[in-house]
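Chemist: Before I ask anything, here is the structure I am working with.
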Amino acid sequence: MKKIILLGVGIIFLITGVSAYQVHIYAPASLTAGLPLVVNGTTTFGIGMPLDVVLYQQVTTSTEIDRRVAYVQSDNTFRVIFDTTGLTPGIYNVGVPASGTGDSIIMREVRIINRSDEILLSSQTNQVLSGSLYLSGQIAAEINSGVQIAVIGPDNSVIFGPAYVGTASQGMFNLTVPVSEPGDYDVSFTDAQGYIGTRTIHITGGTATVTPGTTAITATLTAHGSSSRDNPVFFAVQPSGNDPVTVSTSASVDWVVEYADANGNIRTFNEQSDAVPEAIVINDTDNTLYFKVYPTRYSVTDDVSLTATNADSIAVSESIPDAFGQAQSSQPSATQSPIAAETGIIALGTAVLCCHLHRR
């Protein structure tokens, strides 16, 4: 009799084990706050079955943050999306709570990262409608690099970008985008590491006339080249208007910058060390500007970038610009190599020796 009872209990457990439903979920290991958290899953539940998917914040205990209902699709998959806007950085979990018809499942851990504090805006977040949205600021992590910017209008349409905007030596950027109506404009920032964050610009006022295709990017433009004392790199910068042009070098090397001014003179700049870029403001914006950049040390050969604001273009010159061939240096030249200097000394010594022997 006992054997029959035990056999019956075993069969019950076997049936229960076979009939238990399975659920598997998949989520990213980490995500920047503000991006949608997409959770996918597969299950043996029937098609059309509703499943609760829950987002928990894990501190000392799990706290439910949000709950969404997913419906099993014909291929036995399901999907939900959680809004992570405003979530504090930390550890979160997503999972499907256990029900009376299924087993509890292992939750997926998601680390929420918040990079929005990397964006420092210097332009106003409240602007009066004037036909343009003005954006300027700094992303310190993007020195001499760039950031991808997109602007979403009040009607959720993309009015600018996503487009790459260069950043200057201190991570500075600025951008002007035509707008024709008041409202909230969301500006998103993304770099090589992923999404950084979004800022909202509130524009108030009536209406403004905007000419299509007049988006003006006044952010810094950048060109790169390899430079040494014997083989300096030359840059050509085309100013974009009447505003002064600011050029700056990259850091990490102590660079010398020579500029050929409108009077045909070469002006030399070497005010900073290798930790601080050289920065020069040029008021002559009527003609193409030419620059020569090289390291202070003869033993150095390295890549240098030159950035320029208020410029339509910047490029590395394949040949020595005429401006440097004709211009006269305003300072004594310091580009003679040690080998050349030593050769001159040897030649001078030889001449003196020959003169002495001749007299004898």
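Chemist: The conditions are (1) surrounded by 15 or more Cβ atoms within 10 Å (Cβ to Cβ); (2) free of Cβ contacts under 8 Å to residues at least 60 places away in the same chain, and ASP286 fails exactly one of them. Which is it?
Modeler: ASP286 satisfies all of (1) surrounded by 15 or more Cβ atoms within 10 Å (Cβ to Cβ); (2) free of Cβ contacts under 8 Å to residues at least 60 places away in the same chain except (1).
Chemist: Please specify each residue of the range 175-208 satisfying the condition of being part of a strand (DSSP E or B) and touching a residue at least 60 places away in the same chain (Cβ under 8 Å).
Modeler: PHE189, GLY194, TYR195, ILE196, GLY197, THR198, ARG199, THR200, ILE201, HIS202, ILE203, THR204
Here's the yes/no breakdown for (1) in the same structural domain as LEU175 (by TED's automatic domain parsing); (2) surrounded by fewer than 17 Cβ atoms within 10 Å (Cβ to Cβ):
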| position | (1), (2) |
| --- | --- |
| PRO36 | no, yes |
| PHE82 | no, no |
| VAL96 | no, no |
| GLN138 | yes, no |
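Chemist: Cβ-Cβ under 6 Å, sequence separation 6+ or interchain: first residue in the range 266-279 and assigned by TED's automatic domain parsing to the domain that holds ASP254 and within 12 Å of VAL293 (Cα to Cα), partner hydrophobic (A, V, I, L, M, F, W, C) and at pLDDT 75 or above. Which pairs?
Modeler: PHE269/VAL257; PHE269/ILE280; ASN270/VAL256; GLU278/TRP255; GLU278/VAL257; GLU278/PHE269
Chemist: Within the range 44-80, how many residues are of a type outside the set (A, V, I, L, M, F, W, C), touching a residue at least 40 places away in the same chain (Cβ under 8 Å) and either exposed (fewer than 13 other Cβ atoms within 10 Å of the Cβ) or more than 30 Å from PHE189 (Cα to Cα) (or both)?
Modeler: Qualifying residue count, the range 44-80: 1.
Chemist: Further question: State all residues of the range 269-323 that are of a type in the set (A, V, I, L, M, F, W, C) and not in a strand (DSSP E or B); if no residue qualifies, say none.
Modeler: ALA275, VAL276, VAL300, ILE320, ALA323
Chemist: When you go through SER157, SER188, SER145 one by one, which is the residue that is within 20 Å of the chain's Cα centre (by Cα), at pLDDT 85 or above and among the hydroxyl-bearing types (Ser, Thr, Tyr)?
Modeler: Residue meeting the stated conditions: SER188.
Matching residues to (1) over 30 Å from THR167 (Cβ atoms); (2) at pLDDT below 80:
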residue	(1), (2)
ASP274	no, yes
PRO277	no, yes
SER317	no, no
ALA327	yes, yes
ILE346	yes, yes
GLY349	yes, yes
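Chemist: Modelled with pLDDT of 75 or more, outside the structural domain of ALA140 (by TED's automatic domain parsing) and either surrounded by 13 or more Cβ atoms within 10 Å (Cβ to Cβ) or within 20 Å of the chain's Cα centre (by Cα) (or both), is that true of SER227?
Modeler: Judged against the criteria, SER227 is a match.
Chemist: Only residues that are in contact with a Pro (Cβ under 8 Å, 6 or more places away or on another chain) and of a type outside the set (Asp, Glu): list them for the range 73-88, please.
Modeler: Those that are in contact with a Pro (Cβ under 8 Å, 6 or more places away or on another chain) and of a type outside the set (Asp, Glu): ILE81, PHE82, THR84.
The values are calculated or read from the model by the stated rules, or taken from the named source; none is laboratory data. The structure presented is a predicted model; accordingly, all values stated were derived computationally and were not measured. A quick note on method: Cβ atoms are made from the backbone with ideal geometry, for glycine too, and the neighbour counts reach across all protein chains shown.
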